[in-house]
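Asks: The structure is given below, and queries will be raised subsequently.
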Amino acid sequence: MSVQSAAADVDVDLRQLFASLARNCLRILVVTLIVTGLAFAFAWLATPHYKATTQLKIQLNESAYTRPAGTNEDDKPVLDAEGVATEVQVISSSDILNKVARDLNLGDKPEFNDALDMSPVSWLLVTAGLKSDPAEIPLDERVLQKMRDKLNVYGVEKTRAIAVEFSSESAELAAKIPNEIAKAYLAYQADAKTKSNAAATAFLGPEIDELQKQVRDAEAKVAAFRSAQSDLLMGGNNSVLATQQLSELSTELSRVRANRASAEATAERVRQALQAGGSLDAVPEVLSSDLIQRLRERQIELRTNIADLSTTLLDNHPRLRAMRSQLADLDGQIRNEAQKVMRGLLTQAQTAQARENQLISDVNKLKAASSRAGEEQVQLDALQREANVRRQQLESYMTSFREVTSRKNYLPVDASVFSEARVPSEPYFPKLVPIVGAAFVGSLLLMSIITLLQELFSGRAMRQAPGARYERIEQVAMPVASVPVVEPEPVAAKTGEAEDRPADMEHELEPKAVPESAPAALEEAAAADAEPEPVRSRLGEIDVEKAAEKLIASGAARAIFVSPEGDEAAASAVLVAREVSDAGLRVLLLDLTASGAASRPMLDSGLFPGITNLLASEAQFSDVIHADLYSDCHVIPVGTADPVRAMRAADRLPIIMQSLTTAYDLVIVECGPADAHGISRLVGDSTEVFLSMLQADDEVAQAAVKLIESGYPDLTLVTPIGHETPGHPVPGRRSAA
């Protein structure tokens, strides 16, 4: 049974693979020349096709002299990408193409009418019903379909230019048809603008006549309402007369009220001054009287004279007394004049009061008149607005009508041809050199690939992969004590020898030992010393194949391997895992040895993350599960984490084992020289315990006895000695099976 996958057994021999190209060079060259010749014949005999292109510029061709009034160069419309795409669809429309086809009589040319010159192959296909008869399709549709197949209209990228490209078997038609399509497109635009202009003229004429009548009626209503139906006489500042008068009276009323209040206040001050007997010099209105001013001057003069005479005359002098009498008369006259001023002020206040009352009455009347005028003004404004709207609309229509009328004989279109198609001198198809060159390179490459694939699939380019087999197990000499007795002995002797063995070891080995075969065993041992061929052990253990068959037959979910002899005995777990994997089961090997003796030969390295990383929470299951390099089984190595830190989480081992048992058909655990307590966390339902051994010495016997006494009576001994990989036996190992 194989212990490694087929994918790892072989490798690709690149030298052998590419050498097949040299061996098959003649076939490759012949096929390449044949394909190249066919391509040359096709390019030589194919009907040549010519291609020409007409280019149009999409923009408004308006001059400064024909531009409508009130517009400038910046007001012209600018087409965006969607606008250019719309014009592309207009150019390739059926109406324009049909017009060009009729003008050039394309229906009479076999290139555009399949019914005129049908090839024998096409005729046979039509007769057999495998192709529709072109004659059943209307002529216009046949020609239009052919034109669309040969026509390519597209907008030049990042420009407002449109290219009209056409291919034909005739060089003249290849240049003539795109030019005619461009002319038809320009004629279509001009015709569309002419129709639009005529429609605008037909619409604006009656509308202008109707608007003129409406404007006249609206203005007549405004004039009639202003003059005949209301007293809305307009004053200054374009306001109603009543409103203007009301404003003026209000101003006058304010002025009269101010004068009245001023006169009353002045009269009150004069009265208070007269009643208090004080000086009247503080009242401006009294001092402003001419008589009082003269009396004040006379009074001052008398006082001056009295003062002068008092220096020379006594107080009782008649002249002084006369002057003092005159001075007293002047004071009385001044007070009398002040009283007259006060009465005048009171009279002035009364007059202002009467004027104020009159103005109040007039203002109240004008308020009522102004209110009526406001309502009438609102109606007048409504009529005026309607008349203005009608007039503005009429003026707008008349302006547009004049512009439309002026453009009857001049209608600039939104496109122009800036590059006409010219008759091509060379066909664009077929190109002899590119076609022949492409055929030669393509056929050469294809034949080379086919040759390489044939060489690969035939297996001739495969060689055995280096390092695809396991390292051989070094020969371990079996102790003499473990070899059965050479010559037949009495039963008593056999019994005595059995009594010298430990009881538990006897329990393990006695049912499987066959004393009668001792001479045969010695002969086989002698043959093994003479030849490198391995033989089976006869010490009571089972070999790798038997262990694998036992696990498969029992349906075990876990297999625990204990190796008391150390790392060399760990090969049993590796070989059993590969045997079971080759049988088609999903197998995982968990390496719990301190040195990684089980996983290192499976991965060729001990630097992969493994169980210690998983226990230390440094990795996940997907990070620690690796594929065996030489079989289909998977392996979890020891790992690279700190073992002390990992062992602190040893309680997680049962959970990890349960998860692995769920994912795999069989989980094999190599525990190294562990005891019963060490494997207690790994044992579960459907578990088989194996003891790996190389020599049946006391150490192995004691380990087996301890495991049996600790609760594992179904312990099975397995040895890798004598196991052969297919075609490659392990040399130098001998076992007594």
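Asks: Give the residues of segment 609-645 that are surrounded by 23 or more Cβ atoms within 10 Å (Cβ to Cβ) and in a loop (DSSP other than H, G, I, E, B), sorted by residue number.
Replies: The answer is 610, 628, 630, 631, 633, 637, 638, 639.
Asks: Restricting the search to segment 559-598, which residues are part of a strand (DSSP E or B), closer than 18 Å to residue 546 by Cβ and of a type in the set (Asp, Glu)?
Replies: Residues satisfying the conditions do not exist here.
Asks: Name the one entry in 335, 407, 372, 402 that is basic (Lys, Arg), at pLDDT below 75 and closer than 30 Å to residue 192 by Cα.
Replies: So the residue among 335, 407, 372, 402 that is basic (Lys, Arg), at pLDDT below 75 and closer than 30 Å to residue 192 by Cα is 407.
Asks: Which ranges mark the helices (runs of 4 or more DSSP H) fully within segment 70-155 that have 1 or more residues being at pLDDT below 85 and within 27 Å of residue 185 (Cα to Cα)?
Replies: 81-91
Asks: Something else about it: For segment 471-480, indicate whether the set of residues that are at pLDDT 70 or above, open to solvent by 70 Å² or more (accessible area, probe 1.4 Å) and assigned to a loop (DSSP other than H, G, I, E, B) is non-empty.
Replies: Taking every residue of segment 471-480 in turn, none turns out to be at pLDDT 70 or above, open to solvent by 70 Å² or more (accessible area, probe 1.4 Å) and assigned to a loop (DSSP other than H, G, I, E, B).
Asks: Quick one: what pairs do we get from segment 247-260, first residue open to solvent by less than 90 Å² (accessible area, probe 1.4 Å), second part of a helix (DSSP H, G or I) and β-branched (Val, Ile, Thr), C-beta under 8 Å, 6+ apart or different chains?
Replies: 249/363; 250/363; 253/360; 253/363
Asks: Oh, and also: Only residues that are in contact with a helix residue (DSSP H, G or I) (Cβ under 6 Å, 6 or more places away or on another chain) and open to solvent by 30 Å² or more (accessible area, probe 1.4 Å): list them for segment 662-687, please.
Replies: Correct list: 681 only.
Asks: Here's another thing I want to ask about it. Taking segment 411-434 on its own, how many of its residues are over 22 Å from residue 166 (Cα atoms), β-branched (Val, Ile, Thr) and surrounded by 14 or more Cβ atoms within 10 Å (Cβ to Cβ)?
Replies: Number satisfying all stated conditions: 1.
Asks: Contact list please: Cβ distance under 8 Å, first residue in segment 314-342 and in contact (Cβ under 8 Å) with a residue 24 or more places away in the chain, second residue charged (D, E, K, R) and assigned to a helix (DSSP H, G or I), pairs at least six apart or on different chains.
Replies: Pairs that qualify, where the first residue is in contact (Cβ under 8 Å) with a residue 24 or more places away in the chain and the partner is charged (D, E, K, R) and assigned to a helix (DSSP H, G or I), are 327/303; 330/298; 334/296; 341/285; 342/271.
Asks: Right, something else. Could you check how many residues of segment 110-136 are touching an Asp or Glu at 6+ places or on another chain (Cβ under 9 Å), within 16 Å of residue 174 (Cα to Cα) and not acidic (Asp, Glu)?
Replies: Looking only at that region, the number is 1.
Asks: Something else now. Scan segment 447-459 and tell me whether some residue there is closer than 30 Å to residue 38 by Cβ, of a type in the set (D, E, K, R) and either surrounded by 14 or more Cβ atoms within 10 Å (Cβ to Cβ) or modelled with pLDDT of 90 or more (or both).
Replies: Taking every residue of segment 447-459 in turn, at least one turns out to be closer than 30 Å to residue 38 by Cβ, of a type in the set (D, E, K, R) and either surrounded by 14 or more Cβ atoms within 10 Å (Cβ to Cβ) or modelled with pLDDT of 90 or more (or both).
Asks: Given the criterion farther than 20 Å from residue 212 by Cα, surrounded by 13 or more Cβ atoms within 10 Å (Cβ to Cβ) and β-branched (Val, Ile, Thr), identify the matching residue among 389, 363, 378.
Replies: 363
Asks: List the number of the failed condition for residue 145; all other conditions in (1) open to solvent by 80 Å² or more (accessible area, probe 1.4 Å); (2) touching a residue at least 40 places away in the same chain (Cβ under 8 Å) hold.
Replies: (2)
Asks: Would you check which residues across segment 148-157 are touching a residue at least 40 places away in the same chain (Cβ under 8 Å) and open to solvent by 60 Å² or more (accessible area, probe 1.4 Å) and list them?
Replies: 148, 154
Asks: Then there's this: If a residue must be open to solvent by 70 Å² or more (accessible area, probe 1.4 Å) and under 47 Å from the mean Cα position of the chain (by Cα), how many such residues does segment 99-139 contain?
Replies: 1
Asks: Further question: Where the second residue is in a helix (DSSP H, G or I) and of a type in the set (Val, Ile, Thr) and the first is more than 19 Å from residue 56 (Cα to Cα) and lies in segment 87-107, which pairs have Cβ atoms under 6 Å and are six or more apart or on separate chains?
Replies: Qualifying pairs under 6 Å: 101/143; 106/143; 107/143.
Asks: If I filter segment 340-353 for residues that are at pLDDT 75 or above and more than 21 Å from residue 270 (Cβ to Cβ), do I get at least one hit?
Replies: no
Asks: From the list 54, 32, which residue is within 50 Å of the chain's Cα centre (by Cα), modelled with pLDDT of 90 or more and closer than 30 Å to residue 415 by Cα?
Replies: 54
Asks: Now for a different question. Does any residue of segment 170-189 turn out to be buried (at least 18 other Cβ atoms within 10 Å of the Cβ), of a type in the set (Asp, Glu) and in contact (Cβ under 8 Å) with a residue 12 or more places away in the chain?
Replies: Yes, the conditions are met somewhere in segment 170-189.
Asks: Right, something else. Using the structure shown, decide if residue 20 is buried (at least 16 other Cβ atoms within 10 Å of the Cβ) and modelled with pLDDT under 90.
Replies: yes
Asks: If you scan segment 646-686, which residues turn out to be within 18 Å of residue 620 (Cβ to Cβ), free of Cβ contacts under 8 Å to residues at least 12 places away in the same chain and in a loop (DSSP other than H, G, I, E, B)?
Replies: none
Asks: Go through 335, 355, 343, 324 for me and flag whichever is over 30 Å from residue 258 (Cα atoms) and open to solvent by 60 Å² or more (accessible area, probe 1.4 Å).
Replies: Criteria check complete, one pass: 324.
Asks: Which condition does residue 222 not pass, out of (1) modelled with pLDDT under 85; (2) part of a helix (DSSP H, G or I); (3) surrounded by fewer than 16 Cβ atoms within 10 Å (Cβ to Cβ), if it passes all the others?
Replies: The one condition residue 222 does not meet is (3).
The values are calculated or read from the model by the stated rules, or taken from the named source; none is laboratory data. Predicted model, so just to flag it, every value in this text is computed and none were measured. We place every Cβ from the backbone using ideal geometry, glycine too, and count neighbours over all the protein chains shown. We work out accessible area using only protein heavy atoms, side chains counted, and drop any ligands, DNA or RNA first. Shrake-Rupley method; radii C 1.70, N 1.55, O 1.52, S 1.80 Å.
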